[in-house]
Structure formats: C-alpha cells, structure tokens
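Asker: Quick one: structure below, then a few questions.
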Amino acid sequence: MPTVAQDRFDETHDVHIDGGLAAILSDAGFSSRSVVLSVSMIDALCLGSALDLGAPSTIWRRSDEHRSALQNAVDNATLGDDRAEQAFQLHLSLIIAGLTDLLSSDLESETTVP
C-alpha cells in the first residue's frame with residue numbers, strides 16, 4: 001500500500017490490485033490525474049479503516065478537568081460499539097461522492113477540449 005511505503009512499489013500483489021482498480025476507473029472515463037488521486041484516496045481509506053477497526057470503540061479518554069467541544073461530543077454521542085464501522089460508512093459515502101464529482105468534471109473537461 002503506497003500510503004505506508006517509504007519507497008515506490010514494483011510489480012507486487014498490491015500493484016496488481018491498484019492496477020485493476022486503475023483500469024476500472026480509466027474505463028469509466030476518469031482522467032489519469034483522477035485515477036492516481038482516486039487510487040491513493042482508496043488506499044488511504046483502507047489503511048485508516050483497518051487501523052481504526054482495531055482501535056477501541058471509544059478512542060478518546062474522558063476527562064472532567066479538560067472540557068472541549070470534542071469531549072462534549074464524545075460524551076453525548078450515541079454510537080454504540082460500532083463507531084469504526086459507522087466512520088467507515090461515512091468515509092465510503094464521501095469517497096463515492098468525491099469520485100462521482102471527479103468523473104463528472106473529467107467527462108465535462110473531455111467534451112470541452114477542442
């Protein structure tokens with residue numbers, strides 16, 4: 001996964017997975033720039049979600065001494081034990097919306113190029 005790499009990838013399993021995703025995005029009409037950004041964004045979602053899945057359901061310690069907007073939100077949120085799943089679903093919906101916007105922009109740019 002390029003997100004955690006400190007060097008470039010060569011022909012590995014991850015490159016084949018990302019290459020497959022890139023082919024799907026390209027075939028759908030995404031520009032080269034949007035393909036690279038989309039693959040990077042999806043890689044980051046996968047990494048972040050995997051790390052979050054292993055975290056406790058409540059990841060911020062409660063403190064009566066230091067009240068903040070975040071502390072108030074944590075205290076009042078009713079997320080249950082599936083905070084990580086709910087966060088993943090939110091991330092995924094935002095990524096889908098972002099991909100939709102990228103594709104619309106790419107297709108619009110394609111039709112306006114002389």
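Each reported figure results from applying straightforward, stated rules to the coordinates on display, with no laboratory input. All values derive from a computational prediction rather than experimental measurement. For neighbour counting, all protein chains shown are included, and Cβ atoms are generated from backbone atoms with ideal geometry for every residue, glycine included.
Asker: Taking the Cα centre of region 13-112 as origin, sum charge times position over the Cβ atoms of Lys and Arg (+1) and Asp and Glu (-1), and report the length of that vector in debye to the nearest 20.
Answerer: Dipole magnitude for region 13-112 comes out near 300 debye.
Asker: Can you give the extra length, in nm with one decimal, that the chain gains between Asp101 and Ser26 once fully stretched, where that is 0.36 nm per residue apart less the Cα-Cα distance?
Answerer: Taking Asp101 through Ser26 to full extension adds about 25.5 nm, to one decimal.
Asker: Now for a different question. Using the beta-carbon distance between Arg61 and Gln89 and R0 = 30 Å, what value does 1/(1 + (r/R0)^6) give for FRET efficiency, to the nearest 0.05?
Answerer: Rounded to the nearest 0.05, the efficiency is 0.75.
Asker: How many angstrom separate the Cα center of region 21-59 from the Cα center of region 69-91?
Answerer: 21
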